[in-house]
1. What does the convex hull of the alpha-carbon atoms of the range 178-229 project to on average, in nm²?
2. Would you please name the trypsin sites (Lys or Arg not before Pro) within the range 24-70 that are DSSP coil residues with at most 16 other C-beta atoms within 10 Å of their C-beta?
3. Could you please state, rounded to a whole Å, how far the C-alpha centre of the range 339-403 is from the C-alpha centre of the range 247-287?
4. For the range 362-402, just the Cα set please: Rg and Dmax, both in angstrom.
5. In bins 5 Å wide, starting from 0, what share of all Cα pairs of the range 221-341 does each bin hold, as a percent?
6. Going down the list LYS38/LYS330; LYS343/LYS401; LYS37/LYS274, which pairs span over 22 Å between their C-alpha atoms?
7. Take the alpha carbon atoms of the range 163-276, find their radius of gyration, then divide it by 2.2 N^0.38 Å using N residues; give the quotient.
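Please treat every number below as a calculation from the coordinates, not as lab data. Keep in mind that this is a model prediction, so the values were computed, not measured. Glycine also receives a Cβ, built like all others from the backbone with ideal geometry; neighbour counts cover every protein chain displayed.
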Amino acid sequence: MVKSFYMQLQQRSPSAVIVISVAIMLLGGFLMTRVTKKLRLPNVTAYIITGILIGPFGLDLIPQSIVDGTEFLPDVALAFIAFGTGEFFRLSKLRKNTGKVLVITLTEALMASLFVFILTRVILRLDFAFSIVLAALASATAPASTMMTIRQTKAKGDFVDTLLQVVAYDDIVALLAYSIAISVAVCSMQGVPVSMGSIFEPIAKNIGVLVLGGVFGALMKLLVQKKRSTDNRLIIAIALLFSFCGVCAATGISPLLGCMSMGTVYINLTDDDKLFKQLNYFSPPILLLFFVRSGISFDLNALVRPSGSIGGVPLYVIGASYFIVRILGKYAGAYLGCMSTGKEEKTRNYFGFALIPQAGVAIGLAALGARALGGEMGSALETVILSSGVLYELIGPACAKLALYCSGSYSVKLEELVPVEEHTEQGEPKPSVELLIERIQKIQQELKEEAEAESEEERAFTQAAEEQLQHCALGENHAWEGFL
């Protein structure tokens, strides 16, 4: 019934099919977040589930032509994610504990990849190309869930500082690992011997795109000047991001590392975090469409049907094994890295639990990998990453919160949660009732301030709108003056 409706509508107005499909994806994703919010799950989970429900294995509300026509979304979504990550690479912060953070990042990322490769290639005996790409994707960690949990719990301390730096570096390691893996996988599929050139070529390309991203970042600094109106700053920034994505797509390179370099160069040259806040407030619809589209592309039947397999192994077995083994690899690598850098016992024991989530970057790279591998192997790769990604986002926030609590980064004890002065001016201890009243009053004040405060992104976007309104009003006044 839906297909016949779209076929009739396609004949009358092809653009209407596109507009209605986009509207369904946006509205469906929003409504699903109302459900996941009550369950305290991240929005990414809601978007993927929405895509599955409205896709061909659910209500089948989105035509395949729309999915095929939006292949650019992974590149654009990765560009926004990566550019925003660049804000965290301020040189003033990178100078602190960089060596220790890099050791922890490399051990936890590469250990997860090693564990998954042993599982898929040695134990399950899957195709080499599939195994090496899936292993590379295992290194990626989604920082969004972890950072959201940190904000909610107001955790702080060395554990949190190290965690924020590790998840920032983690995506760089994942991209480099993926770039090498996909090149080796393609050589393997084509029957071409894997040479040193096939390994160093993707590294050289990524160095080139890293330098090009830095050039775009410097160009952004020249064009996005403070004297420009805020709406024009946003337009120029998005135009540069899209231009860079186009260059990367034309050369067959992921824009992730280059956009990260662009954001890093821009923030260090200008120290202008307002642009990042405006982009963060602008990008949610684009990211929503990307994750919903990923859910639509999710081959649910291949995951559960007996014929859905790679190398004779059912996809649900591969997906379940990958889900468990990657967690073991992340935990073992984080423990080893923390131990080798002299981190305290609490950090060693619980750091790995905060690295479990995997969504944005991994799903984006899986979409690119599916395009490169093609056929059943590409579809299987995306299916495994998407299905495990949903599970990771279901348990990730809870594991991150457990890690923060067990490491002592935050507390639920009232006396630690809301510290007050426990002695009078004369040095005498205050009665317990008086201390309790003071803590309750302080909690009420903090809740009031949080309720009244707008988010930084919303303030930046609102300010831009107000300045644009004033600019338009001033232009109209000048026009009337000229007319009179």
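1. Mean projected area of the Cα convex hull: 4.8 nm².
2. Loop-located and lightly packed - ARG40.
3. 22 Å
4. 12.5, 40
5. Whole-percent P(r) values from 0 Å outward: 2, 8, 11, 13, 12, 12, 13, 12, 8, 6, 3, 1, 0.
6. LYS38/LYS330; LYS37/LYS274
7. 1.25
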